[in-house]
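Participant: The following block contains the structure, expressed as structure tokens.
Coordinate-derived values only; no laboratory data. The model shown is predicted, which means the values in this text are computed figures rather than measured ones. Methodologically, a virtual Cβ is constructed for each residue, glycine included, from the backbone with ideal geometry; neighbour enumeration extends over all protein chains shown.
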Amino acid sequence: MQFKSMVVSNVELSPNYFRMRMTAPQELLASAPGQFLMLKVTDAIDPLLRRPFGLFDVGTFTAEYAGCGTQAYCEILYKVVGKGTKLLCALHHGDVVDLLAPLGRGFDLGPAGEEKVLVGGGVGLAPLYYLAKALVARGEKVRLFAGGRNRDDILCITEFERLGVETYVATDDGTLGESGFVTQVLERHLNEGMRIFACGPTPMLGAVAKMAASHEVPCQVSMEAYMACGVGACLGCVMKGANHTEATPDYRCVCKDGPVFDSFELQWS
Amino acid sequence: MHRPDMSVAVAGIKMRNPVMTASGTFGYGAEFADYLDLESIGAMISKGLSLKPKAGNPTPRIVETPGGMLNAIGLQNVGIDAFIEHKLPYLKNVNTPVIVNLYGNTLEEYGEVAARLDGLSGVAGIEVNISCPNVKQGGIVFGTDPGAAQEVVRLVKKNTSKPMIVKLSPNVTDVVLMAKACADAGADALSLINTLTGMAIDLERRRPVLANVTGGLSGPAIKPVALRMVWQVAKAVKLPLIGIGGIMNGRDALEFMLAGATAVQVGTASFLDPSAAQRIAREMEQYLVDHKIGSVSSLIGALEL
């Protein structure tokens with residue numbers, strides 16, 4: 001769907017990290033965790049393209065202005081990294097943005113009864129919160145492994161804990177949780193009967209994918225890529241499939257075939 | 001007041017309005033069906049198709065630049081046979097002309113792809129890409145040398161009975177020379193411009209942003225160049241022209257018509273607004289209503305100097 005959306009709130013969580021809530025049509029409640037949206041932050045031609053964001057949360061709230069009961073919303077979690085996000089973080093309640101959502105293929109929640117393990121790095125936590133909510137609603141046991149360079153990169157841990165998710169934190173500099181990579185913490189807890197869902201920087205995802213393969217644990221990864229359209233037309237956001245070679249190329253579209261892939265579908269260098 | 005007449009015809013291809021979707025920016029049509037009414041636009045042009053499927057370039061393939069974007073997709077496509085088998089049946093059920101964009105790695109391949117499309121129902125015409133800047137043999141050789149361009153156009157003409165549009169590159173010293181060469185060789189219409197070769201550099205990494213090093217610039221940044229080229233060619237060549245380059249709204253499109261274009265193609269705009277083609281057609285019509293102009297074709301080449 002393409003729709004206009006009103007900013008409800010846009011809050012700085014830690015330096016340069018923001019959480020933004022926007023109104024959404026009721027239909028968005030049928031979206032799946034792992035799906036994403038494309039946001040046009042300005043009508044002007046610079047920045048020209050939309051920006052992709054994973055759905056951090058989707059739900060309903062009682063709008064104080066509407067007098068009409070509940071209003072659907074969607075939320076994103078983002079880091080200010082460039083021109084687009086700089087404009088985005090200056091938006092206030094009442095500002096209007098143009099959205100395409102929901103887009104792409106979301107997470108496959110898997111059979112009930114397995115332990116669900118979420119692994120997130122930095123803003124990679126965004127799609128995992130929506131996922132955690134869905135899993136908890138099914139009565140699943142969920143653990144979260146969150147990593148970042150320092151404590152400012154570890155976002156919304158309280159929100160996860162409030163859902164009943166057991167959380168493990170690691171930072172490169174040890175300012176929060178264990179010192180080191182989150183993948184090291186993960187490795188100690190990996191065992192059969194788990195299912196991994198990961199989102200974060202590509203090197204982290206590569207490490208998680210490798211670990212999952214060696215422990216024979218099913219693993220899905222949510223990828224990030226530069227993209228122009230989000231609907232499978234520009235072919236700008238492709239990644240190499242597992243069997244890609246120069247002679248037999250196999251590119252997958254992050255926006256359409258993903259952003260969530262089974263880790264074995266992709267090539268990890 | 002009656003609704004204005006928005007219809008135009010390019011080389012015998014009748015369209016309900018002058019807005020076509022540019023090759024490589026509209027997938028194979030179906031990708032956009034959720035966002036606009038495919039039967040509200042003038043014509044659809046397919047992704048550039050080659051004899052064999054093509055994987056395209058390594059990534060990064062795109063980067064945003066001020067008022068535009070660079071792409072070096074590398075003509076990734078499913079190949080002409082897969083298009084005919086898997087993509088065309090869907091498009092046949094849409095009551096909008098479908099024009100197939102094609103290219104070859106060699107002269108012979110241009111002829112071969114054209115031959116496979118000839119006589120196929122559901123294909124209203126072909127657009128010959130002699131101007132992709134991103135692959136070594138993706139046409140740019142043919143698009144920058146008048147003699148080579150003529151060879152391609154003559155061969156394709158021999159292999160097709162369908163209306164043939166030739167898509168011109170702006171990366172030439174004299175676009176009029178190329179336009180005349182293609183006209184003399186038998187093109188039925190010309191579309192211009194393809195992307196302008198450009199480059200983006202990552203200062204911190206001291207590397208080009210695109211894996212392909214260079215890419216094709218599109219978007220509003222190139223509109224003035226495109227308008228100038230359409231205007232120059234319109235003065236020199238009798239063929240119908242299709243204006244392309246940074247069209248974002250109805251006013252942009254109408255400017256191209258004043259410069260001499262019979263129709264326009266919307267490209268990059270579809271990336272940021274998947275309903276752009278339909279919106280632009282509507283905005284053009286509204287302009288005509290507001291200015292009490294009875295038919296859009298009356299604006300073709302109506303620029304006053």
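Participant: If I build a Gaussian network model for chain B, linking alpha-carbon pairs within less than 10 angstrom, which residue out of B:Ser275, B:Ser169, B:Ser23 has the largest mean-square fluctuation?
Facilitator: The residue that fluctuates most here is B:Ser275.
Participant: Oh, and also: Could you state, as a whole-number percent, how many of the C-alpha pairs of the stretch A:2-103 are farther apart than 20 Å?
Facilitator: More than 20 Å apart: 33 percent of the Cα pairs in the stretch A:2-103.
Participant: Quick one: check the C-alpha center-to-center distance for the stretch B:28-46 versus the stretch A:106-145, whole angstrom.
Facilitator: Rounded to whole Å, the Cα centres lie 37 Å apart.
Participant: How shielded is B:65-73 by partner chains, expressed as the average number of their Cβ atoms within 10 Å of its Cβ atoms?
Facilitator: Other-chain Cβ atoms within 10 Å of each residue's Cβ, averaged: 4.
Participant: Report the Cα centroid-to-centroid distance between the stretch B:69-116 and the stretch B:234-254 in angstrom, as an integer.
Facilitator: That distance is 23 Å.
Participant: With 10 Å bins from zero, work out the P(r) of the protein assembly as shown over every alpha carbon pair and list the percent per bin.
Facilitator: The percentages, shortest bin first, are 3, 17, 26, 24, 16, 10, 4, 0.
Participant: Right, next: Can you give the helix-only mean residue ellipticity at 222 nm for chain B, where every DSSP H stretch with n ≥ 4 adds -39500 (n - 2.57) and the sum goes over all residues, rounded to the nearest 500 deg cm²/dmol?
Facilitator: Value at 222 nm, helices only: -8500 deg cm²/dmol.
Participant: Which residues make up the longest stretch of chain B clear of trypsin sites (Lys or Arg not before Pro) that lie in a DSSP loop with no more than 14 other Cβ atoms within 10 Å, not counting the sites? Don't jump to the answer; show the numbers that get you there.
Facilitator: Numbers: sites that count: B:Lys136, B:Arg205, B:Arg206, B:Lys238, B:Lys292.
Answer from the scan: B:1-135.
Participant: A further question on this structure: Have a look at A:Cys156, A:Cys234, A:Cys89 and tell me which one the Gaussian network model of chain A (Cα, springs below 10 Å) gives the largest fluctuation.
Facilitator: A:Cys234
Participant: As an exercise, take the mean of 1/r over every pair of distinct alpha carbons in the stretch B:162-241, invert it, and state the Kirkwood radius in angstroms.
Facilitator: It works out to 14.0 Å.
Participant: Just to confirm my numbers, what's the Cα centroid distance between the stretch B:272-295 and the stretch A:174-243 in Å?
Facilitator: The stretch B:272-295 and the stretch A:174-243 have Cα centres spaced 45 Å from each other.
Participant: For a 25 Å ceiling on Cα separation, which of these pairs sit above it: A:Lys4/B:Lys14; A:Lys4/A:Lys240; A:Lys256/B:Lys54; A:Lys40/B:Lys14; A:Lys4/A:Lys256; A:Lys256/B:Lys157?
Facilitator: Result: A:Lys4/B:Lys14; A:Lys4/A:Lys240; A:Lys40/B:Lys14; A:Lys256/B:Lys157 exceed 25 Å.
Participant: Let me ask something additional. If you fit an axis through the alpha-carbon atoms of helix A:126-137 and take the longest principal axis of the Cα set of chain A, what angle between them do you get, 0 to 90°, nearest 10?
Facilitator: 80
Participant: Tell me the Kirkwood hydrodynamic radius of chain A in angstroms, computed as one over the mean inverse distance between distinct C-alpha pairs.
Facilitator: Across chain A, the inverse of the average 1/r is 19.0 Å.
Participant: I would also like to ask the following. The stretch A:115-222: D in µm²/s via Stokes-Einstein (Kirkwood Rh, Cα pairs, 10 °C, 1.306 mPa s)? Provide the component values of the computation, followed by the final result.
Facilitator: Working: Rh = 13.4 Å.
In µm²/s, the coefficient rounds to 119.
Participant: Counting only DSSP beta bridges with both residues in the protein assembly as shown, what percent are antiparallel, rounded to the nearest 5?
Facilitator: 50
Participant: Using a cut-off of 12 Å between beta-carbons, work out the net charge of the residues near B:Met20 (Lys and Arg +1, Asp and Glu -1, B:Met20 not included). List each step's numbers first, then the result.
Facilitator: Working: positive: B:Arg16, B:Lys167; negative: B:Glu127.
Net charge in that neighbourhood comes out at +1.
Participant: Once the piece of chain linking A:Lys141 and A:Ala63 is laid out straight, how much longer is it, given 0.36 nm per residue of separation minus the C-alpha distance between them? Write out the running numbers ahead of the final one.
Facilitator: Details: separation 78, 0.36 × 78 = 28.08 nm, distance 3.22 nm.
Roughly 24.9 nm would be gained on extension.
Participant: Quick one: among A:Thr85, A:Thr171, A:Thr158, which has the greatest mean-square fluctuation in a GNM of chain A with alpha-carbon springs under 10 angstrom?
Facilitator: A:Thr158
Participant: Would you compute, from DSSP H runs of 4+ residues alone, the mean residue ellipticity of chain A at 222 nm, taking -39500 (n - 2.57) per run and dividing by the full residue count, rounded to the nearest 500?
Facilitator: Result for chain A: -5000 deg cm²/dmol, rounded to the nearest 500.
Participant: Could you compute the longest span of chain A free of GluC sites (Glu not before Pro) located in DSSP loops and having at most 12 other Cβ atoms within 10 Å, not counting the site residues? Don't skip to the answer; put the middle values down first.
Facilitator: Numbers: sites that count: A:Glu64, A:Glu192, A:Glu216, A:Glu246.
In chain A, the maximal stretch lacking such sites is A:65-191.
Participant: Would you work out the charge dipole size for the stretch A:115-222 about its Cα centre, treating the Cβ of every Lys and Arg as +1 and the Cβ of every Asp and Glu as -1, and quote it to the nearest 20 debye?
Facilitator: Charge dipole, the stretch A:115-222, about its Cα centre: 300 debye, nearest 20.
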